[in-house]
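The values are calculated or read from the model by the stated rules, or taken from the named source; none is laboratory data. The model shown is predicted, which means the values in this text are computed figures rather than measured ones. Glycine also receives a Cβ, built like all others from the backbone with ideal geometry; neighbour counts cover every protein chain displayed. The accessibility values were calculated without ligands, DNA or RNA, using every heavy atom of the protein model including side chains. Shrake-Rupley method; radii C 1.70, N 1.55, O 1.52, S 1.80 Å.
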Amino acid sequence: MAANVTETFEEFDSRLINIVSGGFMTMAIGLGVDTGLFDVMCSMDGPKTSQEIADLAGLKERYVREWLGAMAMGRIVDFNGDQETYHIPEHRIPALKPKSGKNAMTLYAKGVPMLSSVYKDIAECFKKDGPNGMAYSKYSDFHGFMAGLSSRWFDNYLIQHFVPGIPTLKEKLDSGIQVLDVGCGEGGASHLFAQNYPNSQIYGLDFQQHCITKATEIAANKGLENIHFVCQEASGMDPIWDSKFDYVFMHEILHDSAYPDKLLDETYRVMKSDGILSVIDTGAHSKLEDNLNLSPTIGISYVCSMMNCVPVSLNFEGGMGLGAVWGKERAVEMLSDHGFDCEVSKTPGTKFGHFLCKKAK
């Protein structure tokens with residue numbers, strides 16, 4: 001794509017100021033989520049002072065006042081100078097509720113401070129003589145961050161919209177089938193499958209033991225007896241699982257895998273001949289020029305990919321480092337190369353693609 005030769009220095013400088021200012025403001029938005037300030041302000045019965053807001057949130061007024069100043073400058077919170085009160089206009093509230101809002105931007109904001117914790121480490125990875133990648137353990141609560149993002153979609157879309165959109169799947173789950181949730185993390189999807197389809201047996205697979213431990217504890221607390229969590233590399237699944245599963249589910253996992261080729265080969269092996277595979281992954285294109293005019297959130301994907309997806313994949317010897325924006329075209333090609341026919345559609349409630357796959361005949 002040719003450079004924008006009509007853009008002036010002043011226009012570019014203004015745009016750059018907005019980008020950098022937004023990065024700083026994002027940290028304050030994340031704090032608003034973590035401290036519960038957005039929850040408090042979205043439920044207030046009218047404008048209140050910084051002291052009243054701090055008291056409602058159980059926080060120190062001086063810090064709350066500074067946060068309110070940042071939010072006022074970001075035009076997120078409205079300030080009345082005569083009364084020295086603050087409030088969030090009603091039309092903004094749906095966008096600011098972290099879990100039930102119309103979008104997940106407030107949850108994404110928490111990713112900025114989380115990824116900033118490895119800023120210097122990632123800078124070292126850029127160097128020719130630096131490390132190839134980064135271990136998951138280097139990130140502060142990355143799985144908690146991802147669980148927060150994923151749970152919003154799981155809770156609002158997985159059972160209500162996603163499953164019914166796949167021909168015959170709901171009927172099969174109701175009657176009872178074998179389901180594998182690859183890269184299950186803390187078990188958000190697995191728990192919902194088990195709760196809503198008690199006749200089916202649900203297996204959750206993840207290579208992080210702390211995730212499996214937490215997922216197992218949650219399942220026990222919910223009294224779910226039709227769920228089984230296994231700590232294992234997805235690129236080397238249990239050898240006794242040949243042709244075991246009727247349905248395999250992967251949510252934002254394939255592009256993070258160090259060895260996606262081996263993962264797909266293993267998935268092919270453990271699926272029944274008439275089994276179904278759902279891969280929820282990139283909604284972008286494989287060529288950068290095709291993404292330039294897409295949603296601005298694609299830019300978030302590139303940064304997250306640079307800071308996490310690529311380094312955690314390349315940390316393994318021979319890791320492919322696909323990255324979060326590897327693109328739909330390349331995804332279809334890889335799935336085809338490993339024995340799958342797939343249909344691509346938009347995943348309800350997100351900008352990700354849904355690659356619905358069956359074994360090629």
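Does segment 141-297 come out rounded, prolate or oblate by the C-alpha gyration tensor, with a ≥ b ≥ c the root eigenvalues, rounded set by a/c under 1.5 and, if not, prolate when a/b is larger than b/c and oblate if not? Cα axes put segment 141-297 in the rounded bin.
Averaged over residues, the count of other Cβ atoms within 10 Å places the peptides 52-61, 194-203 in the sequence 194-203, 52-61, highest first.
When the Cα gyration tensor is reduced to axis lengths a ≥ b ≥ c, the ratio a/c is 1.5 or higher for segment 169-225, and with a/b not above b/c it is classed as oblate.
Look at where the Cα atoms of segment 204-270 and of segment 5-25 average out, and the two centres are 44 Å apart. In the distance distribution for segment 18-96, Cα-Cα pairs more than 20 Å apart total 23 percent. Among the GluC sites (Glu not before Pro) in segment 294-344, which ones are in a DSSP loop with at most 15 other Cβ atoms within 10 Å of the Cβ? Mind listing them? Of the GluC sites (Glu not before Pro), the ones in loops of segment 294-344 whose Cβ has at most 15 other Cβ atoms within 10 Å are GLU317. By accessible area, using a 1.4 Å probe on protein heavy atoms only, the chain has 53% of its surface on carbon and sulfur.
With the Cα gyration tensor of the chain in hand, give its eigenvalues times 5 under a square root as the equivalent ellipsoid semi-axes, listed largest first in whole angstrom. Could you put the intermediate results ahead of the total?
Numbers: eigenvalues 289, 138, 76 Å².
Output for the chain: semi-axes of 38, 26, 19 Å.
When only Cα pairs below 8 angstrom with a gap of at least 6 residues are kept, the chain shows a relative contact order of 12 percent. In the calculated pair-distance distribution of segment 285-361, the portion above 19 angstrom amounts to 46 percent of the Cα-Cα pairs. How high is the relative contact order of segment 96-233, in percent, with contacts defined as C-alpha pairs under 8 Å that are six or more residues apart? Once divided by the residue count of segment 96-233, the mean separation gives 17 percent. Between the helical axis of 260-270 and the longest alpha-carbon principal axis of the chain there is an angle of about 50 degrees.
Distance cut-off 18 Å, Cα to Cα: go down the list LYS287/LYS328; LYS272/LYS358; LYS214/LYS262 and report the pairs above it. Going by Cα-Cα distance, LYS214/LYS262 fall outside the 18 Å limit. Which of the three applies to segment 152-193, rounded, prolate or oblate, going by the alpha-carbon gyration tensor with a ≥ b ≥ c and a/c under 1.5 meaning rounded? The shape class here is oblate. Taking each of LYS120/LYS346; LYS48/LYS97; LYS48/LYS222; LYS97/LYS120; LYS60/LYS222 in turn, the alpha-carbon distance tops 30 angstrom for LYS120/LYS346; LYS48/LYS222; LYS97/LYS120; LYS60/LYS222.
Result for the chain in a Gaussian network model with C-alpha springs under 10 Å: among ASP246, ASP13, ASP39, the largest mean-square fluctuation is at ASP13.
Legend: calculated FRET efficiency, VAL344 to ILE19, from the Cβ-Cβ distance at R0 = 35 Å, rounded to 0.05, equals 0.65. The order of the peptides 120-131, 206-217, 26-37 by mean Cβ neighbours within 10 Å, most packed first, is 26-37, 206-217, 120-131. Distance between the C-alpha centers of segment 63-137 and segment 310-332? Whole Å please. For segment 63-137 versus segment 310-332, the Cα centre distance is 26 Å. Helix 142-153 and the long axis of the chain differ in direction by around 90°, with both axes built from C-alpha atoms.
Roll a 1.4 Å probe over the protein chains and send me the accessible area per residue for the chain in Å².
Working: 18730 Å² over 361 residues.
On a per-residue basis, the chain sits at 52 Å².
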